[in-house]
Structures are given as structure tokens and as C-alpha cells.
Amino acid sequence: MKQLLKRGLHAVAPRWTVALMSARARAHSHGVIAQWGCGPLTRTLVERFGSVVQEGPFAGVALTPMTHAEQIGPFLLGAYESELDGAWDTVFRGTYSQIIDIGAKFGYYAVGLARKFPDAAIVAFDTD
């Protein structure tokens, strides 16, 4: 029944439905993060290091207060993308006129890549 309703809403008002589903998913994610007790950890990290990424390929990127509802510890410490270090090395050797970030969340990669490639046009998209 729930899937049928979602399909019906999407057929009638796809943009509105995507916006609604994205907002619900974001609220759920923020609730889970709060339930896990990540808020105090985030506050402690921000108090200690500020809102600037400390290490990794995107060191120096400043995270806005909007991101504090997320679990930003791995981002602040520079460990979020550590499994991609080899891929980032390859990406950073290139030159690009445009970079597209699909599933951008709060724009971590989009901003980091904009800093690395200041002449590239950056397009970031997320349903949220």
C-alpha cells in the first residue's frame, strides 16, 4: 500500500514527491545521529578544531554550521574519504573544465574539488 501511494504521488507530482521523501530521509538521518549521541561528539570536535577539515585531500575546507546536524567527525578529521586516497591522487593529476557531483549531500566534495580546481565549473546535485 505504501509503495502504491509513493508511485501514485510520484506520477502526479514528481518534484514535490522527491522533495518530501528527501526531507523525510534527512529528518530520519538527523534523528538517528542524535539518538546515537553524535551531537556532543560533533560539538567537542568543533570546539577543539573549529569547523575546518584538518587532514586529507580536502584539508582547509570549512564546514558550515548547517553541517553540524550530520556526523561530521570523519569529515573534520579528514578520514571520510580515506578509502579513496588512490582515486583522489588520480583525479588531482587531471585538469577539468566542469565537475559534476551527484549525491552531493552538503557539498563536501563539491567545495573540496572547487578549491583544488578553481577554474572548473562545479555542479552539485542532491535530491535534498
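Quick one: which residues, 5+ away or cross-chain, put their amide H under 5 Å from the amide H of residue 124? H built at 1.01 Å from N.
Residues meeting the amide H criterion: 101.
Please identify, among 110, 11, 27, the residue showing maximal mean-square fluctuation in a Gaussian network model of the chain using a 10 angstrom Cα cutoff.
Taking springs between Cα atoms under 10 Å, the residue moving most is 11.
Just the number, please: Stokes-Einstein D of the chain in µm²/s, Kirkwood Rh from C-alpha pairs, 4 °C, 1.567 mPa s. The partial results should precede the final answer.
Values: Rh = 16.6 Å.
Estimated diffusion coefficient is 78 µm²/s.
Mind checking which of 12, 46, 32 has the largest fluctuation in a GNM of the chain, springs on alpha carbons under 10 Å?
12
Give me the one-decimal nm value for the distance between modelled label points at residue 4 and residue 105, 7 Å along each residue's Cα-to-Cβ direction.
Here the answer is 3.7 nm between the modelled labels.
When a footprinting reagent is the concern and you count Cβ atoms within 10 Å, what order do 108, 80 take, fewest first?
Ascending Cβ contact count within 10 Å gives the list 80, 108.
Where does each of 15, 115 land when they are ranked from fewest to most other beta-carbon atoms within 10 angstrom?
Ranked by crowding around the Cβ, least crowded first: 15, 115.
Please give the contour-minus-distance gain from residue 11 to residue 82: 0.36 nm per residue of separation, less the Cα-Cα distance, rounded to one decimal in nm.
21.6 nm
How high is the relative contact order of the chain, given as a whole-number percent (alpha carbon pairs under 8 Å, six or more residues apart)?
Worked out over the chain, it gives 21 percent.
So what's the back-of-envelope 222 nm ellipticity for the chain, counting only DSSP H runs of four-plus at -39500 (n - 2.57) apiece and dividing by all residues, rounded to 500?
Computed mean residue ellipticity for the chain: -16000 deg cm²/dmol.
Here, each number is a calculation from the coordinates, and none is a lab measurement. Because the structure is a prediction, the values reported are computed rather than measured. Reconstructed Cβ throughout: ideal geometry from the backbone, glycine too, with neighbour counts over all protein chains shown.
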